[in-house]
Amino acid sequence: MINEKNYEIYFMSYIDNELNAAERAAVEAFVLTEPKYAEELAFFEKTKLHASSNEFIEMEDKIFLYRFPEMQASLDINFKKTLYRKEAPIRKIIFTPNLMRASFAIAALLILFIGLKLFKSEPNILESNIVESALKDKTALAINNNSSTNSKQTENTILPDNAPEASVNKINNTNNTIAKSATTNQAGFEDQAIANNNMNTNIINTTEGLSRTSRENDSQNILVAKFNEGKISAIAMETKATEEEKSIPSLPTNYKEIDTEEEDRTISIGMLEIDGAAFRGITRRVSALLKRNKIEKEK
Amino acid sequence: MTDLEFNICVDDYSDGVYRFILKISKNKEDAKDIVQTAFEKLWVNREKVETLKAKSYLFTVAYHLMIDQLRKESKIIMTDSFDENANAISQGSSELKQLLLEAINNLNPTQKSLILLKDYEGYSYQEIGEIMQLSESQVKVYLHRARLILKNKLTHLEKMSA
């Protein structure tokens with residue numbers, strides 16, 4: 001039942017039109033009891049907005065809200081699939097200044113490292129090559145010494161067959177034997193060489209009656225003979241030099257002190273010869289760059 | 001719902017939904033976007049939504065879109081007036097109406113929505129509850145609270161002017 005305590009709720013429900021007919025009648029009767037309630041109800045009525053004040057606001061572009069059958073038209077799924085495109089992912093490498101500096105520094109260090117390594121290893125390689133070649137020569141000489149007599153015998157037996165290939169082999173063998181004999185008898189190198197020449201000429205004479213191919217072999221033979229002569233003389237020179245070295249008493253090794261601050265000094269890295277001043281300049285710049293990077297990172 | 005029924009809904013409810021949103025958001029473009037989205041949703045769900053409930057559906061969708069929009073833009077605290085729309089409404093209206101509109105502007109969005117849905121659209125407490133996802137008693141309490149605020153404001157302003 002409506003009273004002084006709950007009349008506000010009833011009044012608000014009344015203006016909101018949420019009361020049934022009986023409740024509405026009760027409110028109207030209650031208002032008539034005292035004029036202040038009528039004033040209260042009038043104030044509540046004033047809080048109500050009237051639809052008439054709202055009517056003239058219309059939505060713009062309402063036309064876009066309408067739907068037409070044509071708007072429902074859609075493409076075939078298979079056709080749509082042909083329209084899809086896939087873009088290949090692009091990997092971008094961004095060279096920042098710091099990255100550039102770092103890469104340059106790394107490249108410079110690598111070059112230095114490789115150069116130093118080559119510089120250190122090169123003398124050893126040369127030495128080992130010399131030793132290896134000497135050993136090979138010695139072993140070859142030893143083998144050829146043993147087979148020199150046999151080859152001479154076979155030369156006489158094979159030559160009458162008039163086989164060009166065989167004759168070439170024989171010629172080579174004889175040449176080798178000449179080299180061997182020359183090396184074994186160190187004192188008579190030159191005599192042996194002359195003898196070899198004679199031998200070669202003899203061989204050429206014997207192969208004169210052979211076919212055209214045998215002539216070509218002859219020319220090869222001459223070349224081989226000449227080469228062997230040169231080899232023999234070279235070996236002779238080497239042996240002489242070693243004898244001379246042996247004869248000279250060993251002296252204490254003197255090392256020359258290198259002035260690192262010398263302006264004209266050159267530095268060899270591998271096969272490259274670099275100007276010392278320029279090299280120092282590069283190394284200073286690289287170290288300065290690295291220091292600067294470090295300082296920047298610390299900042 | 002057929003194409004024809006949908007287009008009738010556009011004729012009948014688009015302005016109402018637009019007004020409702022515009023009065024709270026105070027931004028024409030936002031209001032238009034919200035109405036567009038609400039009708040888009042209605043079109044997508046036209047087979048599920050009955051024609052008779054289309055209006056309620058549209059207001060429900062629009063209200064929640066507006067609340068989301070306001071939350072995004074942190075426009076929860078309403079200030080100033082109805083701007084150009086308020087001025088337009090006040091044209092030819094009494095001083096009391098102007099005062100009322102100013103008072104409504106000071107309400108929070110929920111209270112404002114309740115007043116607008118009740119007074120302009122004539123929804124019942126139950127319907128408002130469905131639109132705003134509130135219980136009927138909650139709608140009643142919140143709406144009464146809003147009315148009391150408006151009444152006190154109007155009483156105070158009338159006393160000041162007197």
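If only one of B:TYR13, B:TYR18, B:TYR57 is away from chain A (no Cβ under 14 Å) and among the aromatic types (Phe, Trp, Tyr), which one is it? First the steps, then the outcome.
On the way: B:TYR13 fails: away from chain A (no Cβ under 14 Å); B:TYR18 fails: away from chain A (no Cβ under 14 Å).
Unique residue meeting the criteria: B:TYR57.
Considering only residues that are surrounded by 15 or more Cβ atoms within 10 Å (Cβ to Cβ) and either of a type in the set (Gly, Ala, Ser) or within 14 Å of B:HIS64 (Cβ to Cβ) (or both), which ones fall in segment B:34-45?
The answer is B:ILE34, B:VAL35, B:ALA38, B:LYS41, B:LEU42.
What's the total number of residues in segment B:140-162 that are crowded, with 18+ Cβ neighbours inside 10 Å and more than 10 Å from chain A (Cβ to nearest Cβ)?
Count: 1.
Assuming A:VAL31 fulfils every condition listed in (1) more than 8 Å from every other protein chain (Cβ to nearest Cβ); (2) in a helix (DSSP H, G or I); (3) modelled with pLDDT under 85 apart from one, which condition is it?
In the conditions (1) more than 8 Å from every other protein chain (Cβ to nearest Cβ); (2) in a helix (DSSP H, G or I); (3) modelled with pLDDT under 85, A:VAL31 misses (3) alone.
The values are calculated or read from the model by the stated rules, or taken from the named source; none is laboratory data. Worth saying up front: this structure is predicted, and the values here are computed from it rather than measured. Cβ atoms come from the backbone with ideal geometry, glycine included; neighbour counts cover every protein chain shown.
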